[in-house]
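A quick write-up on the structure given underneath.
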Amino acid sequence: MGNLTSAPRGTQDVLPANSYKWKYIERAAAEEAKAFGYREIRTPVFEHTELFVRSVGDGTDVVQKEMYTFNDKGGRSVTLKPEGTAGVVRALLEHGSFNDPMPLKTYYITPCFRYEKPQAGRFREFHQFGVEAFGSSSPLIDAEIISLGQAILTRLGVPDIHLEINSIGCPQCREKYRAALREYFESRKDQLCETCLGRLDKNPMRILDCKNPECAALAKDAPRILSYLCEDCREHFDGVKQTLDMMEIPYTVNPTIVRGLDYYTRTVFEFITTSLGSQSAVCGGGRYDGLVQELGGPAVPALGFGMGLERLLLLMEKTNCPFEEEAPCDIYIGSMGEEPARAAAKLAARLRAEFGVYAECDLMGRGVKAQMKYANKIGARFSAVIGENELEQKKITIKNMVSGETKEMALDKAFVEKLADFMAYEQLYNSCQDIETMFRKSQEGEQPE
Ligand code: HAM
């Protein structure tokens, strides 16, 4: 029975009491991205497995150990997306979007799946806010995308974050670097873990990412990529740094950042926090100038980042960042009796439809006292009760639930204006409906026009 009432390990539910925090973060990120010219893209949750093997790289931990891969009923191997970039590139290629004017700027909010050992800040299903931009190899766009990441974190008020950047060069300079790394680790082979021994020949840069303490100790003194950059890559990296300096975005150059995915070229970066233990990267990204071509498309330079929303939320909660709460109920319209309940439902529907008011009424058949208790619980700012009397006399008493002030209002032509006045509700002023007619028709069982 346990399986029926507990979510799979490494996954989380977002309950209604908490979802406002998610919506707040997602809205803030999307609005910032929009201000930079990014537009939303949505791609499937699963893709052909081959896409991730080719893009993320078959030598990476993600592809080797962490993918949720299965054969569908048609016998095709598919994989739940472990990250967002590959699907975006595939979609833009499929739809011929690389013929559109450049730069092409996209953002997404997506679940991602990695079979990792769950711990604080590390999940098997997690969510990324990601951006991907295509078409520019100018260092200006590297700095711009980094400044977008920073703008989101600043807007959310996240403290204790710092930016680390590095350049991992292009395939040409990286070949020389790989040779140097191979030579370095070859002479220390006996200290490497089993997995890294396998990486030595094919992809020695992955050793720099290994969590095994002995490998990590060796990696500390390994040759640094920055000493192997070709002239173009060095110039590009200088351009990124100069632009960040000009934009007054503080950063440190960390030559050990190589990132865990194979598609990166040149600039890589991470926004790091000291408040989340070992899961310190809140956001990671970089350039991937070869990926579009690798997947069969034209040579289009590209770059992006992924921001881990669970980590961001954890960090915000831990550091007491404020979250914008959702507006409480504007008005609760209670009722006594069957016909008044229908009239209350109608009035609530009318207020919602015409004025965008958040209105609720009784759906549980409760008595008035219990209805008001519920109205208090949902934080209703105003309330009213409709009974037979109110229907007959076409008047209603509105109560301010905070101050206790009440006001009787005739359900006449000016009702909405009076209600708006009492509720200080801007939108209500914009229109004045014939509430009296509505009530008459409702009593006669007719639909108001
Ligand atoms: P990534 O560094 O693998 O990059 O993931 C980006 C972010 O996702 C991380 O910084 C972290 O905040 C979050 N994250 C990763 N794994 C987990 C996990 N198991 N649980 C919770 N959060 C996690 C990418 O995925 C690239 N696609 C980013 C990118 C876009 N590069 C260029 N464009």
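Worth a mention:
- Mean separation of Cα contacts under 8 Å (6+ apart) over length of segment 89-218, as relative contact order %: 14
- Taking a straight line from the alpha carbon of residue 189, these lysines sit under 20 Å away, with near neighbours fewer than eight places off in the same chain left out: 176, 202, 211, 220.
- Site pair residue 197 and residue 363 shows an inter-label distance of 6.3 nm when each label is modelled 7 Å from Cα along Cα→Cβ.
- Relative contact order, percent, the chain [alpha-carbon distance under 8 Å, six or more residues apart]: 14
- Kirkwood Rh in Å, taken over all unlike Cα pairs in segment 279-428: 19.2
- Unit charges at the beta carbon, dipole of the chain: most positive-side option, 8, 104, 56: 8
- The alpha carbon convex hull volume per residue for segment 339-383 rounds to 69 Å³.
- Taking every DSSP helix (H) stretch of at least 4 residues in the chain, weighting each as -39,500 (n - 2.57) and dividing the sum by the residue count yields a mean residue ellipticity at 222 nm of -11500 deg cm²/dmol.
- Karplus (6.51, -1.76, 1.60) ³J(HN,Hα), θ = phi - 60°, over segment 270-282, in Hz, Gly and Pro reported as x: 9, 9, 10, 10, 9, 8, 10, x, 6, 7, 8, 8, 8
- Charge dipole (debye, nearest 20) of segment 51-107; +1 at Cβ of Lys and Arg, -1 at Cβ of Asp and Glu: 120
- Bridges between two residues of segment 1-123, per DSSP, are antiparallel at a rate of about 80%.
- Restricting segment 58-155 to trypsin sites (Lys or Arg not before Pro) in coil, as DSSP defines it, with at most 16 other Cβ within 10 Å: 73, 76
- Among beta bridges that DSSP assigns inside the chain, antiparallel share in %, nearest 5: 80
- Residue 323 accessible area, 1.4 Å probe, all protein chains in place, Å² to nearest 10: 40
- Rounded D (µm²/s) - segment 269-313, Kirkwood Rh over Cα pairs, Stokes-Einstein at 25 °C, 0.890 mPa s: 204
- Cross-link reach list, lysines versus residue 318, counting only Cα pairs under 16 Å and skipping chain neighbours closer than eight places: 21
- Descending principal axes extents, segment 2-45, alpha-carbon based, whole Å: 47, 27, 14
- Here the dipole of segment 213-306 is about 160 debye; that uses its Cα centre as origin and unit charges on the Cβ of Lys and Arg (positive) and Asp and Glu (negative).
- In a fully extended conformation the segment linking residue 226 and residue 252 would gain 8.0 nm over its present Cα-Cα distance, using 0.36 nm per residue.
- The heavy atoms of residue 147 offer some 10 square angstrom of accessible surface to a 1.4 angstrom probe.
- Our Cα-only numbers for the chain put the radius of gyration and Dmax at 29.1, 96 Å.
- Under the combined filter of DSSP loop state and at most 14 neighbouring Cβ atoms within 10 Å, segment 299-375 retains these trypsin sites (Lys or Arg not before Pro): 366.
- Ratio Rg/Rh, restricted to segment 229-353 and using Cα atoms, in which Rh is the Kirkwood radius: 1.31
- In summary, the lysines within cross-link reach of residue 413, defined as a Cα separation below 27 angstrom excluding same-chain residues under 8 places away, comprise 346, 394, 395, 399, 441.
- Farthest toward the positive end of the dipole of the chain, out of 210, 261, 315, is the Cα of 210, where the dipole comes from beta carbon charges about the Cα centre.
- Total charge dipole magnitude, the chain, about the Cα centre, Cβ charges on Lys, Arg, Asp, Glu only, Debye to nearest 20: 1000
- Rg ratio (alpha-carbon, reference 2.2 N^0.38 Å) - segment 52-188: 1.28
The values are calculated or read from the model by the stated rules, or taken from the named source; none is laboratory data. Because the structure is a prediction, the values reported are computed rather than measured. With ideal geometry, Cβ positions are generated from the backbone for all residues, glycine too; neighbour counts draw on all protein chains shown. These accessible areas exclude ligands, DNA and RNA; they are computed on the full protein's heavy atoms, side chains included. Shrake-Rupley method; radii C 1.70, N 1.55, O 1.52, S 1.80 Å.
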